[in-house]
Structures are given as structure tokens and as C-alpha cells.
Amino acid sequence: AQSVTQLGSHVSVSEGALVLLRCNYSSSVPPYLFWYVQYPNQGLQLLLKYTSAATLVKGINGFEAEFKKSETSFHLTKPSAHMSDAAEYFCAVIRGGYQKVTFGTGTKLQVIP
Amino acid sequence: GAGVSQSPRYKVAKRGQDVALRCDPISGHVSLFWYQQALGQGPEFLTYFQNEAQLDKSGLPSDRFFAERPEGSVSTLKIQRTQQEDSAVYLCASSPRGLAGTTDTQYFGPGTRLTVL
């Protein structure tokens with residue numbers, strides 16, 4: 001079964017600093033991978049997705065992620081953190097033959113002024 | 001316009017009560033998903049509908065959980081004889097296509113926070 005592991009349940013960065021949120025997947029075949037963001041008391045919003053096209057995927061709000069097969073990783077980055085980026089971020093993978101998504105446990109991002 | 005809406009946003013139930021949670025997906029969306037998100041966890045898949053057909057209910061934790069989408073639009077998740085462990089946020093998501101739309105974006109509602117006392 002496919003799954004994802006998010007390293008670090010909490011990450012703190014200073015405003016303007018690089019954001020790096022880590023995600024590793026376990027899969028015997030190239031998966032479809034996603035990053036979602038969840039603001040307090042809101043549903044999840046898709047940031048970006050990898051569907052076996054370009055390995056560097058650009059998403060909304062300046063985020064991007066790179067699919068690295070050799071490392072089985074799909075880390076999320078943003079060059080410069082904004083206060084509005086404070087939220088919880090979930091890495092996710094398609095499990096099964098359709099859109100059955102398996103989510104990681106989440107990483108809460110804190111941005112310090 | 002609309003996004004996915006869910007009601008109620010908050011529900012408090014006494015242990016043993018039945019509850020019904022409603023999801024209004026984006027109009028025309030074929031696929032509808034229910035997820036359960038416990039405190040501090042990622043969402044866990046519960047069940048999937050393609051139009052009115054429930055194609056996958058493998059994530060429903062017990063036979064106390066029942067979901068329906070009779071006309072292929074609005075869906076209801078019903079929990080009978082609620083237990084404290086049912087306390088969670090229940091998220092609904094919809095996407096445009098059915099099984100063929102493997103990588104379609106899922107659009108999530110704000111969730112219903114269920115607290116069982």
C-alpha cells in the first residue's frame with residue numbers, strides 16, 4: 001500500500017526565510033503526489049500535485065515541490081515565508097486505482113515575525 | 001458559488017444519539033468523498049461515491065456509519081449510536097469526474113466538527 005511520511009509535526013521559520021517541509025513516499029511504482037494546506041477551521045486546499053509530468057511542480061502562493069525518485073521524496077519549498085503561510089500542510093498520495101487519497105499526518109508551519 | 005458546503009459546521013451529541021451530516025458538492029461534480037479527521041491527524045478516507053453509486057466504503061469504521069447520495073448530488077453521512085471515539089472533523093470533497101479522473105483536484109468543504117459527550 002502506498003503511504004507518505006512527513007518529517008516534523010511542527011516547523012518554525014522566520015518571516016522571509018526559506019520554508020522546507022519534508023515528505024517521503026513509499027511506493028513500488030511512480031505515484032501521484034499532492035500537497036494540501038489547511039487553515040484553521042477551514043477545509044483543505046490543493047497547493048500542487050505531481051502527476052508524472054515535470055518533476056519540479058509549481059503551485060499556488062509561491063510554493064513548489066520537486067519529485068525525486070532516487071530519494072522517494074516530494075519536499076515542499078517556498079523561498080520566502082510570509083505570515084499568511086502559517087497553517088498545517090499535508091502531503092498525500094493516491095492509493096488505489098482512482099482518487100483514493102492517503103494523507104500524511106501533517107506539519108504545522110509557524111512563521112515568526 | 002460555489003464551493004463545497006457542509007452543515008452543520010458544529011455538532012454536539014450525547015453518547016448514543018444518532019447524527020446526520022450533510023454535504024453539498026460543487027454542482028455537476030461526479031465524485032464525492034467523505035473523510036474523518038481526528039485531532040492532530042491527517043484526514044482518513046471513509047467512503048467514495050460516483051454519482052449515486054457508493055463504490056468504496058472500505059474506510060467506514062463500523063456498521064454504525066452509513067452514507068448515501070441518492071440523487072447523485074447532496075450526500076449525507078449518518079452515524080448511529082455515537083461514541084466518544086467518533087469525535088472528529090468530518091470532511092467532504094468533490095471532484096469533476098469519476099473513476100477516470102484519477103488526478104482531478106478534490107475540492108474540500110469546511111468540515112463538520114462532531115463532539116460526542
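The values are calculated or read from the model by the stated rules, or taken from the named source; none is laboratory data. Predicted model, so just to flag it, every value in this text is computed and none were measured. For neighbour counting, all protein chains shown are included, and Cβ atoms are generated from backbone atoms with ideal geometry for every residue, glycine included.
Could you tell me how many of the residues in segment B:19-28 are outside any strand (DSSP E or B) and surrounded by 20 or more Cβ atoms within 10 Å (Cβ to Cβ)? Quick ask: steps written out before the conclusion?
The initial filter retains those residues of segment B:19-28 that are outside any strand (DSSP E or B), namely B:25-28.
Cutting the leftovers down to surrounded by 20 or more Cβ atoms within 10 Å (Cβ to Cβ) gives us B:25.
Of the residues in segment B:19-28, 1 are outside any strand (DSSP E or B) and surrounded by 20 or more Cβ atoms within 10 Å (Cβ to Cβ).
Tally up the residues in segment A:23-44 that are under 15 Å from A:Gly104 (Cα atoms) and surrounded by 17 or more Cβ atoms within 10 Å (Cβ to Cβ), please. Walk me through it before giving the result.
Initially, segment A:23-44 is screened for residues under 15 Å from A:Gly104 (Cα atoms), giving A:23-27, A:31-38, A:44.
From what is left, the residues that are surrounded by 17 or more Cβ atoms within 10 Å (Cβ to Cβ) are A:23-25, A:27, A:31-38, A:44.
Summing the residues that are under 15 Å from A:Gly104 (Cα atoms) and surrounded by 17 or more Cβ atoms within 10 Å (Cβ to Cβ) in segment A:23-44 gives 13.
Out of everything in segment A:57-83 that is in contact with a Phe, Trp or Tyr (Cβ under 9 Å, 6 or more places away or on another chain) and among the small types (Gly, Ala, Ser), what residue ends up being farthest from the other protein chains (Cβ to nearest Cβ)? Show your work before the answer.
Kept after step one, since they are in contact with a Phe, Trp or Tyr (Cβ under 9 Å, 6 or more places away or on another chain), are these residues of segment A:57-83: A:57, A:59, A:63, A:65-68, A:72-74, A:76-78.
In the following step, the residues that additionally are among the small types (Gly, Ala, Ser) were identified as A:59, A:65, A:73.
Values: A:Gly59: 11, A:Ala65: 15, A:Ser73: 18 Å.
So the residue we want is A:Ser73.
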- Residues in segment A:85-106: is at least one surrounded by fewer than 16 Cβ atoms within 10 Å (Cβ to Cβ), under 12 Å from the mean Cα position of the chain (by Cα) and more than 9 Å from chain B (Cβ to nearest Cβ)? no
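Take B:Gly59 and decide whether it is surrounded by 15 or more Cβ atoms within 10 Å (Cβ to Cβ), at pLDDT below 95 and more than 10 Å from every other protein chain (Cβ to nearest Cβ). Before you say what the answer is, go through the steps one by one.
Numbers: surrounded by 15 or more Cβ atoms within 10 Å (Cβ to Cβ): yes; at pLDDT below 95: yes; more than 10 Å from every other protein chain (Cβ to nearest Cβ): no.
Criteria not met by B:Gly59.
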- Item | Filtered residue count, segment B:29-85, keeping only those that are in a loop (DSSP other than H, G, I, E, B) and polar (S, T, N, Q) | 8
- Might you check whether a residue that is of a type in the set (Asp, Glu), out of contact with any strand residue (DSSP E or B) (no Cβ under 9 Å at 6 or more places or on another chain), part of a loop (DSSP other than H, G, I, E, B) and more than 16 Å from B:Thr47 (Cα to Cα) occurs anywhere in segment B:104-115? no
